[in-house]
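The values are calculated or read from the model by the stated rules, or taken from the named source; none is laboratory data. This one's a predicted model, so the numbers in the text were calculated from it and none came from an experiment. Here the Cβ positions follow ideal geometry from the backbone for every residue, glycine too, while neighbour counts run over all protein chains shown. Areas reflect the complete protein model, heavy atoms only, side chains present, ligands, DNA and RNA absent. Shrake-Rupley method; radii C 1.70, N 1.55, O 1.52, S 1.80 Å.
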Amino acid sequence: MHVPDGFLDAPTSTATAVVAIGCVGVALVGARKELDDKTAPMAGLVAAFIFAVQMLNFPVGAGTSGHLMGGALAAVLVGPFTGVLCVSVVLLVQCLLFADGGITALGTNILLMGVATVVVGWLVFKLLQTTMPKRLALVPAQAGIAAFASVPAAALLFVGLYAVGGAADISMDTLLTAMLGVHVLIGIGEGVITFLAIGAVVAVRPDLVYGARRVLARRELEIRSEVTA
């Protein structure tokens, strides 16, 4: 979903850049509450993992390919605020060093992939945790579903931005159909990769998964209650 230069007009690109800067600023403040001795090293590893996996594309049909966005994955592993920072750093490096996404569209890309996927992914993940049994084994599946939902949500946001300030000669009907159709398929790949990645970490070091802390705290409380009784 890397948006190139010139796909959105200057006012829209400027507006998304301002919003993206504001979101990153909020994330910088919020990350202070998330980062600790365990989360800080994980943040670097998560950013490196997302950067590496985003370089790998998987086919989704009709000559189209997709790649991991990583917002939900980052949010579940290191927290939503830190997740925004991780994905934003990846997008910045890709833009400046690899010309992946335009410089004038950097704010748009950060808003779509670094903010929208994190926010939607985290909200869906927390909703699933609230409504489903508090079991550690369910965390990878919940993360995978959240990751799947975050991709078409970001695609819809892009369609909305294009409706406001699209500069390319593409009809809204064509764009909406193409974006949703392709990104639902990409979302499936995103969900599978997120499920496997979170599952691997949960199996070895569940304490390193930010999204699993609530479940772990509940388990510890239950164990202590049983011992006390």
Answer yes or no as to whether VAL84 is crowded, with 24+ Cβ neighbours inside 10 Å and either part of a helix (DSSP H, G or I) or more than 9 Å from the chain's Cα centre (by Cα) (or both). yes
What residue, among those in the stretch 94-131 that are of a type in the set (A, V, I, L, M) and open to solvent by 60 Å² or more (accessible area, probe 1.4 Å), is modelled with the lowest pLDDT? ALA99
Hey, ASP207 more than 18 Å from the chain's Cα centre (by Cα), farther than 24 Å from VAL53 by Cα and at pLDDT below 95 or not: no
In the stretch 74-90, what count of residues is obtained for those that are free of Cβ contacts under 8 Å to residues at least 60 places away in the same chain and farther than 22 Å from VAL139 by Cα? 2
In the stretch 1-41, how many are open to solvent by less than 20 Å² (accessible area, probe 1.4 Å), touching a residue at least 60 places away in the same chain (Cβ under 8 Å) and among the aliphatic types (A, V, I, L, M)? 4
Restricting to the stretch 165-196, what's the tally of residues that are charged (D, E, K, R) and either in a helix (DSSP H, G or I) or buried (at least 16 other Cβ atoms within 10 Å of the Cβ) (or both)? 2
How many residues does the stretch 89-102 hold that are of a type in the set (A, V, I, L, M, F, W, C) and under 10 Å from PRO4 (Cβ atoms)? 1
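Per-residue answers, yes or no, for (1) part of a loop (DSSP other than H, G, I, E, B); (2) free of Cβ contacts under 8 Å to residues at least 24 places away in the same chain; (3) of a type outside the set (Val, Ile, Thr):
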position: LEU96; (1), (2), (3): no, yes, yes
position: LEU112; (1), (2), (3): no, no, yes
position: PHE125; (1), (2), (3): no, no, yes
position: LYS134; (1), (2), (3): yes, no, yes
Got at least one residue in the stretch 142-164 being in contact (Cβ under 8 Å) with a residue 24 or more places away in the chain, surrounded by fewer than 17 Cβ atoms within 10 Å (Cβ to Cβ) and touching a Phe, Trp or Tyr at 6+ places or on another chain (Cβ under 9 Å)? no
Report, by residue number, each residue of the stretch 98-110 that is in contact (Cβ under 8 Å) with a residue 12 or more places away in the chain and assigned to a helix (DSSP H, G or I). LEU106, GLY107, THR108, ASN109, ILE110
Could you identify the single residue in ARG135, ARG213, ARG218, ARG224 that is under 24 Å from GLY44 (Cβ atoms), open to solvent by 40 Å² or more (accessible area, probe 1.4 Å), of a type outside the set (Asp, Glu) and modelled with pLDDT under 95? ARG213
